[in-house]
Amino acid sequence: PPAFVTRTAGNVNVRAAGADEGTATKPKRRMKKSTIILLAVFGVLIAGLVIAYFTLLNTVFSERNVVSDYVNAIANGQYAKATKLVDPGVSNNTRALFTDAVAKDPKDRIQQVSVGDITKDTAQGSRKHKVTVTYAVNGVKQSSTLTLEPAGKRFLIFDSWKITTPMIEKRNLSVPAVLDSVLVNGVAVKLAAYNTDGGSGTSYSLPSYPGMLRISAPKSPYWESETVSSGEKVNTSATLELTATEKLRDDILDLAKQKVKECVASSALSKTGCDFSNGSFESYSSSSKAYTDIKRTVTQEPAFDSSDSLDISAGTFRTSRIDVSIHYKYRYDAGDPWWDSDESDSGRLEGWFSVKDGKLSVKFSESDSGYY
C-alpha cells in the first residue's frame, strides 16, 4: 500500500496508507482506581466474615463454651447463675442450697476443674454429646459427666446447645427427730420439703452442686452439736447428732409436772392420760358403790433417773415413777353414811417432744389433750 511521509522538525515519519490514524496513538483502557479499592474492601470484608463465623462457631456458640460457662459458674460460687444456665431439675421448694451464699467460702467450692473432650453419643440416631468434667472437693478428685443436646439455631446459622444432665448431687442426711431445720454453710434449710420417700422424719435428701457442705444444728438452749461435713465422697450419708442439755431435761420435766398437777386436780373417777393417778375406782363395773370427795396428792414427783429416759435422737422421753395418794368417801346405798377410805396409784409419763421455731412442745402418750 502507498506510504505517507511526513516531516516534523527534521524527523521523517512513515506510516502505511489506509491505517487507522487513532490506532497507534490511543492507550489501553485501565480499571478505575476506585473500583479496585472497592473490590479489595469487599474481599477483606468477606474474609473477615468467614473468619468471624468460624471464630464464633468455635468459641461463643460452641458446645465447649456452653459447658465452660456452666462449670465456671459453679467453680466461682455463682450458684444462682448456674441454676439460670441449666435447670437443676428439682422442685422450687428444695432449692435452698442453690444460692451463692452456700458457696461464699472458696474452700467449699470445686477446684482444679478440667473439662475433657466432647464426644458424640454412639447410640444409633442419637444427637447427644457427652463430656466429663473433673474437679477436686477439699482435695479429693471427683468427676461428673454432662450430656448436651442440640436446641435449635441461634441467629439462623449457629447451632444452639443445652446441658440436659446438670452437675447435681443428692446429699443424704440423718438428723434427730427434734430438728425441723439445719444450717448448711450458714444457710438455714427447712427440712420438711426434703423428706425422703417413706421417711420417718429423720432422713432427708438434699440436692446441691458439688462442693463441701458443712451441716450443723441451729443454735438452741436445748442441745449441743458439732458440725458434720458432706462432699468429699459421692453417695455417702452424713449423720448429725445432738446432745441434750440440762435445760431440755428441766423444761420437759416442768411440762410433765404441769401434766401431773392437772391430773391430781381432778375429782373425777378417771381422767384420760392420767393412768398414774386414776386409782382403782369401780367406775366400769355394775356395782352400786358410790364415791365422793375424791382428793389426790402427789407423793413422788416425776424425774429423769437414767440416761435412757430422754432420747433426743428419737425425740422421746419417759419419766421416773410418779406416786399419788388418793383419799375419798364411798357408800353403797343412798341412805347410808359416807365412809372415808384411801388408796394409792403410780405410773410414768412418756411421750414425744419437738422444738419448732425455738419453742419446745411435748405430747404425752394416751392423752387427748394435745401438746404442752
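Being among the basic types (K, R) and either assigned to a loop (DSSP other than H, G, I, E, B) or within 19 Å of I163 (Cα to Cα) (or both) is the filter here, so list the residues in the stretch 127-151 that pass it.
Within the stretch 127-151, R127, K128, K130 meet the criteria.
Output the residue which, of all residues in the stretch 273-297 that are at pLDDT 85 or above and of a type in the set (D, E, K, R), is most open to solvent (accessible area, probe 1.4 Å). So that I can check it myself, show each step before the final result.
To start, the set of residues in the stretch 273-297 that are at pLDDT 85 or above comprises 273-280, 290-297.
From the residues that got through so far, the ones that are of a type in the set (D, E, K, R) too are 275, 293, 295-296.
Numbers: D275: 89, D293: 82, K295: 134, R296: 22 Å².
Filtering the stretch 273-297 for residues that are at pLDDT 85 or above and of a type in the set (D, E, K, R), the one most open to solvent (accessible area, probe 1.4 Å) comes out as K295.
Residues that are under 16 Å from S237 (Cα atoms) and within 12 Å of the chain's Cα centre (by Cα), at least 2 per element: which strands (runs of 3 or more DSSP E) completely within the stretch 163-215 meet that?
Per the criteria, 169-174, 181-184, 203-208.
Pick from N93, N65: which is free of Cβ contacts under 8 Å to residues at least 12 places away in the same chain and part of a helix (DSSP H, G or I)?
From the options N93, N65, the qualifying one is N65.
Return only the number of the condition from (1) more than 26 Å from S174 (Cα to Cα); (2) open to solvent by 40 Å² or more (accessible area, probe 1.4 Å); (3) touching an Asp or Glu at 6+ places or on another chain (Cβ under 7 Å) that S270 does not satisfy.
Checking S270 against (1) more than 26 Å from S174 (Cα to Cα); (2) open to solvent by 40 Å² or more (accessible area, probe 1.4 Å); (3) touching an Asp or Glu at 6+ places or on another chain (Cβ under 7 Å), the one that fails is (3).
I need a count of the residues in the stretch 174-190 that are surrounded by fewer than 19 Cβ atoms within 10 Å (Cβ to Cβ) and touching a strand residue (DSSP E or B) at 6+ places or on another chain (Cβ under 9 Å).
Qualifying residue count for the region: 8.
Would you pick out the residues in the stretch 224-264 that are open to solvent by 30 Å² or more (accessible area, probe 1.4 Å), more than 15 Å from I322 (Cα to Cα) and over 26 Å from the mean Cα position of the chain (by Cα)?
Selection gives A244, E246, K247, R249, D250, D251.
So which of S144, S216, S208 is modelled with pLDDT of 90 or more, farther than 25 Å from L242 by Cβ and small (G, A, S)?
Details: S216 fails: farther than 25 Å from L242 by Cβ; S208 fails: farther than 25 Å from L242 by Cβ.
Sole residue among the options that is modelled with pLDDT of 90 or more, farther than 25 Å from L242 by Cβ and small (G, A, S): S144.
For the subset of the stretch 256-272 comprising residues that are out of contact with any strand residue (DSSP E or B) (no Cβ under 7 Å at 6 or more places or on another chain) and of a type in the set (K, R), which member is modelled with the lowest pLDDT?
Looking at residues that are out of contact with any strand residue (DSSP E or B) (no Cβ under 7 Å at 6 or more places or on another chain) and of a type in the set (K, R), I get K271.
Output the residue which, of all residues in the stretch 299-324 that are among the hydroxyl-bearing types (S, T, Y) and part of a strand (DSSP E or B), is least open to solvent (accessible area, probe 1.4 Å).
Ranking the candidates gives T316 first.
For I252, indicate whether it is within 26 Å of V140 (Cα to Cα), modelled with pLDDT of 95 or more and outside any loop (DSSP other than H, G, I, E, B).
The answer is no for I252.
Return the pair list, or none, for Cβ contacts closer than 6 Å from residues in the stretch 243-269 that are farther than 15 Å from F353 by Cα to residues that are of a type in the set (D, E, K, R) and modelled with pLDDT of 95 or more, at least 6 apart or on different chains.
From residues that are farther than 15 Å from F353 by Cα, the pairs are V264/R296.
Conditions tested, residue by residue: (1) modelled with pLDDT of 95 or more; (2) surrounded by 11 or more Cβ atoms within 10 Å (Cβ to Cβ); (3) outside any strand (DSSP E or B).
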{"site": "I326", "(1), (2), (3)": "yes, yes, no"}
{"site": "Y330", "(1), (2), (3)": "no, yes, no"}
{"site": "D333", "(1), (2), (3)": "no, no, yes"}
{"site": "D336", "(1), (2), (3)": "no, no, yes"}
{"site": "V355", "(1), (2), (3)": "no, yes, no"}
{"site": "E366", "(1), (2), (3)": "no, yes, yes"}
{"site": "S369", "(1), (2), (3)": "no, yes, yes"}
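In the stretch 98-119, how many residues are among the hydrophobic types (A, V, I, L, M, F, W, C) and closer than 18 Å to V187 by Cα?
4
The values are calculated or read from the model by the stated rules, or taken from the named source; none is laboratory data. Bear in mind that the values here come from a model prediction, so they are computed numbers and not experimental data. Here Cβ is always computed from backbone atoms with ideal geometry, including for glycine, and neighbour counts include all displayed protein chains. Calculation scope for accessible area: heavy atoms of the full protein, side chains included, ligands and nucleic acids excluded. Shrake-Rupley method; radii C 1.70, N 1.55, O 1.52, S 1.80 Å.
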